[in-house]
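Single-structure report; data block below.
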Amino acid sequence: MPSYVIIGASRGIGYQFLRSLSRNPSNTVVATARDPTSTLEKVSNDKLSNVHVLAADLTDAASLSAAADETSKLTGGVVDYLIINGAYVSQATATQSPTAFAGQESLWVSDLTTSIATNVTGTLYSINAFLPLVRASSIKKIVVTSSGMADTDLILTSGAAGGVPYTLSKAAVNALVAKYAAEFEDTGIVIIALSPGLVLTSWDSLEDPQAKAMYGFLDKWFKRYEPNFKGPILPEESVDMQLKVIEKVTTKDSGKFLSHREDGRWI
């Protein structure tokens, strides 16, 4: 009975992990969400009977520790796969280049602070809270969602100058994953940073003017990087590809920043 914990599973890619993993009735799937009530309602409506939803916030270490304690009761003290998906993505700064923050220093400080607190510190809090349960597993896999936007080759090839706070936070996540891998050497724990690709997490988001502008910029950038780019993929496709990567990785891959495509390409 493999056990999975998905940190940040209320919508988009995180919720798709619940749907995909729950198809195997032998899986025990634990989800965390800041608002567990709405996530529980969706899980109930979708009849995901082997999914358990717990309250936790990436920026609250105590809530994550409490969720780990509750998870231990559900899984017999073991977590085979810890997937840290939750993240902060600001549409307000998604298209702004570094020089655009001249005169907007308060926005820069605010958005970078929130990005680091959620995406980097939240990752550290999550791993540390659930680590005893991962150590108790024979599988011992930790996956942290990253982004191809943190790859310097993609930035330079595509000309993607925007999304600076988010990009910096994901680059820091990749370094943090490498630091954990160095610490976990000879423990059997596999930890990777994994890019899900460019994913359309909600069709409704395309009705939002900021989201439409963001996708417009991404389309322009990514067609320079990948001429055959046809737009974002759906969560189900991304998660299916990610799960294949997760199953394949071994201790030889620990600390690496990997693509959902398995070929070093990000979209």
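Label-to-label distance, residue 59 versus residue 252, with points set 7 angstrom from Cα along the beta-carbon direction: 4.2 nm. Across all Cα pairs in the stretch 3-259, the calculated P(r) in 10 Å bins from zero up to the longest distance comes to 7, 30, 37, 20, 5, 0 percent per bin.
Relative to the longest principal axis of the Cα atoms of the chain, helix 105-115 runs at roughly 30 degrees. Over the C-alpha trace of the stretch 37-83, radius of gyration and Dmax come out as 11.7, 30 angstrom.
Okay, helix-only estimate at 222 nm for the chain: each DSSP H run of n ≥ 4 adds -39500 (n - 2.57), divide by all residues, round to 500 deg cm²/dmol; what do you get?
When only DSSP H runs of four or more count, the value is -14000 deg cm²/dmol.
On the beta carbon distance between residue 66 and residue 24, with R0 = 22 Å, the FRET formula returns roughly 0.20. With the simple model of a label 7 Å out from the Cα in the direction of the Cβ, residue 124 to residue 46 spans 3.2 nm.
The label point for residue 223 and the one for residue 74, both projected 7 Å from the Cα toward the Cβ, are 4.4 nm apart. Structure note, pairs 170/230; 141/256; 42/141; 73/252; 141/252: Cα-Cα distances above 20 angstrom occur for 170/230; 42/141; 73/252. Compared with the dominant principal axis of the Cα atoms in the chain, helix 164-183 is inclined by about 40°. Under a model in which nothing but the beta-carbon of Lys, Arg (+1) and Asp, Glu (-1) is charged, the stretch 51-152 shows a dipole of about 380 debye around its Cα centre.
Relative to the longest principal axis of the Cα atoms of the chain, the long axis of helix 209-225 lies at roughly 80 degrees.
Its Cα centre serving as origin, the chain has a Cβ charge dipole (Lys and Arg +1, Asp and Glu -1) of approximately 440 debye. Note on the stretch 1-115: Rg/Rh from Cα positions, Kirkwood definition for Rh, rounded to two decimals, is 1.10.
Any read-out appearing in this document is the output of simple, stated calculations on the displayed coordinates, not a laboratory observation. This structure is a prediction, so every number in the text was calculated from the model and none was measured. Cβ sites come from the backbone with ideal geometry, for glycine too, and all protein chains shown count toward neighbours.
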